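For reference, the structure is listed below as structure tokens.
The values are calculated or read from the model by the stated rules, or taken from the named source; none is laboratory data. In this text the structure is predicted, and so the values were computed from the model without any measurement. All Cβ positions, even for glycine, are placed from backbone atoms using ideal geometry, and neighbour counts span all protein chains on display.
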């Protein structure tokens with residue numbers, strides 16, 4: 001099984017399991033847990049995302065995110081790219097405000113217990129009829145931006161999980177560690193543009209690979225550009241990011 005087919009399979013599985021897992025990705029339930037001095041499932045998941053993003057970037061978004069799977073289904077209806085790059089910062093503003101509020105809640109109330117299954121029924125998120133209102137509300141919240149704003153627009157503009165992984169990636173680059181990235185494997189590029197066209201995150205891959213690898217924080221390491229390249233120029237690699245001090249030394253500044 002190729003990486004491309006594996007990704008499609010895991011995304012399909014994640015989407016089918018969304019009614020089970022949705023509360024483990026909830027930014028709201030963390031508030032409820034914080035008021036009860038508890039660490040819940042989404043708190044644990046977001047911490048894991050941050051830690052694992054140091055070596056692996058945003059690979060969760062590409063292979064395991066049910067919201068990403070829903071948006072890629074929507075992309076079959078409208079394939080226009082998400083071009084409003086100035087709005088990418090919006091998700092970081094939302095995340096910063098939300099994270100600050102959660103932190104304050106935990107500082108005030110403390111932590112007395114760890115309950116990964118907080119507010120679930122035997123570990124299942126959607127277990128009552130009224131839970132479907134929340135479930136389909138989230139689905140609508142994800143689908144509308146994807147249909148109107150372009151491919152994976154929700155990821156670009158509103159996702160509260162992406163900043164955790166972006167933070168891990170930035171940390172890795174700051175300290176100069178190796179991390180998973182799409183990198184140039186040979187010099188056979190014919191500038192066909194298929195890599196950029198295939199990208200579900202609307203990244204100009206052709207421009208990015210001019211620097212040797214895709215460095216955009218919007219890259220989810222999905223490998224669609226690798227799959228679409230007719231000359232097999234691109235591939236996965238554990239790329240070491242240069243620290244700012246190293247770049248200055250090379251530039252003689």
Among what's in segment 86-104 and is more than 17 Å from residue 43 (Cβ to Cβ) and surrounded by 13 or more Cβ atoms within 10 Å (Cβ to Cβ), pick the residue that is modelled with the lowest pLDDT. 87
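Inspect all residues belonging to segment 169-178 and state whether any of them is buried (at least 18 other Cβ atoms within 10 Å of the Cβ), within 30 Å of residue 236 (Cβ to Cβ) and out of contact with any strand residue (DSSP E or B) (no Cβ under 6 Å at 6 or more places or on another chain). Step through it out loud before you land on a result.
Residues of segment 169-178 buried (at least 18 other Cβ atoms within 10 Å of the Cβ): 169, 172-173.
Right, trim to within 30 Å of residue 236 (Cβ to Cβ) and you get 169, 172-173.
Adding the requirement that they be out of contact with any strand residue (DSSP E or B) (no Cβ under 6 Å at 6 or more places or on another chain) leaves 169, 173.
Taking every residue of segment 169-178 in turn, at least one turns out to be buried (at least 18 other Cβ atoms within 10 Å of the Cβ), within 30 Å of residue 236 (Cβ to Cβ) and out of contact with any strand residue (DSSP E or B) (no Cβ under 6 Å at 6 or more places or on another chain).
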Given (1) in a loop (DSSP other than H, G, I, E, B); (2) on the phi < 0 side of the Ramachandran plot; (3) at pLDDT 95 or above, residue 189 misses just (3)
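Listed residues 8, 83; which is surrounded by fewer than 16 Cβ atoms within 10 Å (Cβ to Cβ) and farther than 24 Å from residue 167 by Cα?
Details: 83 fails: farther than 24 Å from residue 167 by Cα.
Of the residues listed, the single one that is surrounded by fewer than 16 Cβ atoms within 10 Å (Cβ to Cβ) and farther than 24 Å from residue 167 by Cα is 8.
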Pairs, first at positive phi in segment 105-134, second assigned to a loop (DSSP other than H, G, I, E, B), C-beta under 6 Å, six or more apart: 110/37; 123/117
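Count, please, the residues in segment 106-135 that happen to be assigned to a helix (DSSP H, G or I), under 19 Å from residue 24 (Cα atoms) and over 21 Å from the mean Cα position of the chain (by Cα). Talk me through it step by step, then tell me what you get.
Taking segment 106-135 and keeping what is assigned to a helix (DSSP H, G or I), we get 106-109, 131-135.
Going one step further and asking which of them are under 19 Å from residue 24 (Cα atoms), we end up with 106, 131-135.
Imposing the further condition that a residue be over 21 Å from the mean Cα position of the chain (by Cα) reduces the set to 106, 131-134.
Looking only at that region, the number is 5.
What residue, of 38, 69, is without any contact (Cβ under 8 Å) to a residue 60 or more places away in the chain and touching a helix residue (DSSP H, G or I) at 6+ places or on another chain (Cβ under 9 Å)?
Working: 38 fails: without any contact (Cβ under 8 Å) to a residue 60 or more places away in the chain.
Just one listed residue meets the conditions, 69.
Go over the candidates 41, 57 one by one and state the one that is farther than 20 Å from residue 143 by Cα, in contact with a strand residue (DSSP E or B) (Cβ under 6 Å, 6 or more places away or on another chain) and modelled with pLDDT of 95 or more. Show your work before the answer.
Values: 41 fails: in contact with a strand residue (DSSP E or B) (Cβ under 6 Å, 6 or more places away or on another chain).
Checking each option against the conditions leaves just 57.
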Please go through segment 144-164 and pick out each residue that is assigned to a helix (DSSP H, G or I) and surrounded by 18 or more Cβ atoms within 10 Å (Cβ to Cβ). 145, 146, 149, 153, 154, 155, 156, 157, 162, 163, 164
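Can you find even one residue in segment 198-207 that is touching a residue at least 12 places away in the same chain (Cβ under 8 Å) and assigned to a strand (DSSP E or B)? Quick ask: steps written out before the conclusion?
The first filter runs over segment 198-207 and keeps only residues touching a residue at least 12 places away in the same chain (Cβ under 8 Å), leaving 198-203, 205-206.
Still in the running and assigned to a strand (DSSP E or B): none.
Among the residues of segment 198-207, not one is touching a residue at least 12 places away in the same chain (Cβ under 8 Å) and assigned to a strand (DSSP E or B), which makes the answer no.
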